[in-house]
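*Asks:* Can you keep this structure in mind? I'll have questions shortly.
Just so it is clear, none of the values below were taken in a lab; they were calculated from the coordinates. Computed from a prediction, not measured in an experiment: that's the story for all the values here. Note that we place each Cβ from the backbone using ideal geometry, even for glycine, and neighbour counts take in every protein chain shown.
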Amino acid sequence: MLKSLGGLIYFSQDHTMVDVRIYSEKQKGKSMEKYLDYSIEQIAKLCKTPSPSGYTAKAQAYLVEELAFLGYTPKLTNKGSVLVNLGGSGHGLILSAHVDTLGLMVRSIKPSGRLRFTQIGGFPNNYVETENCTVITRDGREYSATIQLVNPAAHIRKDIPDTKRDDANMEIVLDEKVFTKEDVKALGISAGDFVALDPRFVMTEKGFIKSRHLDDKASSGLLLAIAKYVREEKVQLNRNIWLLFTMYEEVGHGGAAGYPENITEIISVDMGVVGDDLETDEYKVSICAKDSGGPYDYDITTALIQLAKK
C-alpha cells in the first residue's frame, strides 16, 4: 500500500528537517500534486497542534474530524489512539504512526517565579535551550514562555560553555511580570502543567520542511494523504487496511493496545535514523530490522526489503 502511493520520508540527523515527495509508477501521466499538497498541509497543521505525550486531545480531535471529512468513520480507542478502517478484505494490516511528541511538564514553581521542568520523552536539554514554549494550565489557560539557562547572560557568566544542561541549571521564564511563587500560582499555573515547544514550522521555496515534531507528524500527514488517495481514487485494496494514530510512543507504549481482532500485521511508519555506520541517508527510505528493544518480525521485514528492491 505504501509502495502504490510511493511516499518517501527522510529526516536529518537531528530529526528537524524532512523532504516529502509522492510518486506513483501506476499513475504516470497523472498529477499526484494534490496529494503532495494535501500531505504537506496536514503535516503543517499537525506540527502546529501541541501534543506532548499525555496532552493529545487537540490532535486526536483534529484527526477524527479530518478523517470524517474524508468520508471515513474513525474511532477513539480507550487508550486514546485514533483508529480508522480504509476498507479492503482479508487479513487485517495496520499502518501506524504517532502524533504525540516530546515536551516538558512543570516540576515545581521556584521562589523566584521561574519554573523548574521535567522532560516528556528523552532528549538532550541543549536541544531546547532558548526555545519559546507555551505553559498550558489544567483549566486551559496558556502562557508563553522561554526555556533558558539560570542566569544566561554571557557578560557576567564565563562558565556558560561548560555548564551542564539539566533541569537544575535551566528553567522556564514566563512572559509575565511574576517575581514570586505566589505570583505564578495566581495565574493558575501549578506543578504537573504541560509545556509545549514552539514547532517553528517552515517550508522553504525548495520544498524542504523544517520543524519540530516531524517525528512523527510527517508520517501521520502521509497516512492522511493515503486515506485521501484511497477514497478519491476508489482504490481496490487486497488487504483489510487500517490506520492507527497512537498517542504515547515517546514514552514507550504507544501501540500497546487497541487492535481490531482480524489484524495479522502492523507496520510502524516513523522517522528513519541517519548517521554513524547506518546504511542509509536523507534521501532513502529506511527499513528498520532492529532497535534497542530487539529485532523486528523477520517475515515482515524481509517482505519490505523485497518490495523495496522491486
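*Asks:* Taking the beta-carbon count within 10 Å as an exposure proxy, list Val251, Val178 from fewest neighbours to most.
*Replies:* Least to most surrounded, the residues fall as Val251, Val178.
*Asks:* When the Karplus curve 6.51 cos²θ - 1.76 cosθ + 1.60 is applied with θ = phi - 60°, which whole-Hz ³J(HN,Hα) does each residue of region 250-260 get, with x for Gly and Pro?
*Replies:* Karplus-based 3J(HN,Hα) across region 250-260 equals 5, 10, x, 9, x, x, 7, 7, x, 8, x Hz.
*Asks:* Compute the length gained on full extension between Asn169 and Asn262: take 0.36 nm times their separation in residues and subtract their Cα-Cα distance, giving the result in nm to one decimal. Show your work: numbers first, answer last.
*Replies:* Values: separation 93, 0.36 × 93 = 33.48 nm, distance 5.07 nm.
Once the chain is fully extended between Asn169 and Asn262, it gains 28.4 nm.
*Asks:* Using a simple spin-label model with points 7 Å from Cα along the Cα→Cβ vector, what separation in nm is obtained for Asn151 and Lys48?
*Replies:* According to this spin-label approximation, the distance is 4.1 nm.
*Asks:* With a ≥ b ≥ c the root eigenvalues of the C-alpha gyration tensor of region 187-310, is it rounded (a/c under 1.5), prolate (a/b larger than b/c) or oblate?
*Replies:* Note, shape of region 187-310 comes out rounded.
*Asks:* Turning to a different aspect of this structure: Read phi for every residue in region 118-131 and hand back ³J(HN,Hα) as whole Hz from Karplus 6.51 cos²θ - 1.76 cosθ + 1.60, θ = phi - 60°, with x for Gly and Pro.
*Replies:* So the J values, rounded to whole Hz, are 10, 6, 10, x, x, 6, x, 5, 5, 5, 10, 4, 6, 7.
*Asks:* Got a sec? How would Leu307, Leu187, Leu115 order by Cβ neighbour count within 10 Å, fewest to most?
*Replies:* The most exposed by this proxy come first: Leu307, Leu187, Leu115.
*Asks:* While we're looking at this one, here's another question. Are any of the pairs Lys58/Lys284; Lys48/Lys284; Lys177/Lys210; Lys45/Lys310; Lys110/Lys177 more than 22 Å apart by Cα-Cα distance, and if so, which?
*Replies:* Lys58/Lys284; Lys48/Lys284; Lys177/Lys210; Lys45/Lys310
*Asks:* Gap in Å between the Cα centre of region 94-168 and the Cα centre of region 234-310?
*Replies:* 31 Å
*Asks:* Follow-up. Take each complete run of DSSP H in the chain, measure how far its Cα atoms stretch along the helix's own axis, and keep only those covering 20 Å or more with mean Kyte-Doolittle hydropathy at least 1.6; list them. Mind showing how you got there, number by number?
*Replies:* Numbers: long enough: 33-47 (21 Å, -0.29); 214-232 (27 Å, 0.17).
Correct list, ordered by number: empty.
*Asks:* Would you mind classifying region 103-197 by shape? Square roots of the alpha carbon gyration tensor eigenvalues, ordered a ≥ b ≥ c; an a/c under 1.5 is rounded, otherwise it is prolate if a/b is larger than b/c and oblate if not.
*Replies:* Values: a/c = 2.11, a/b = 1.41, b/c = 1.50.
Oblate shape, in that a/c is at least 1.5 and b/c is the bigger or equal ratio.
*Asks:* Would you please name the chymotrypsin sites (Phe, Trp or Tyr not before Pro) within region 142-219 that are DSSP coil residues with at most 15 other C-beta atoms within 10 Å of their C-beta?
*Replies:* Phe179
*Asks:* Moving to a separate point now. What is the gain in length, in nm to one decimal, between Ala186 and Lys58 on full extension, counting 0.36 nm per residue of separation less the C-alpha to C-alpha distance? All intermediate terms of the calculation are to be shown ahead of the outcome.
*Replies:* Working: separation 128, 0.36 × 128 = 46.08 nm, distance 2.57 nm.
Roughly 43.5 nm would be gained on extension.
*Asks:* Looking at region 152-255, which GluC sites (Glu not before Pro) are DSSP coil and have at most 11 other C-beta atoms within 10 Å of their C-beta?
*Replies:* Passing sites in region 152-255 are Glu205.
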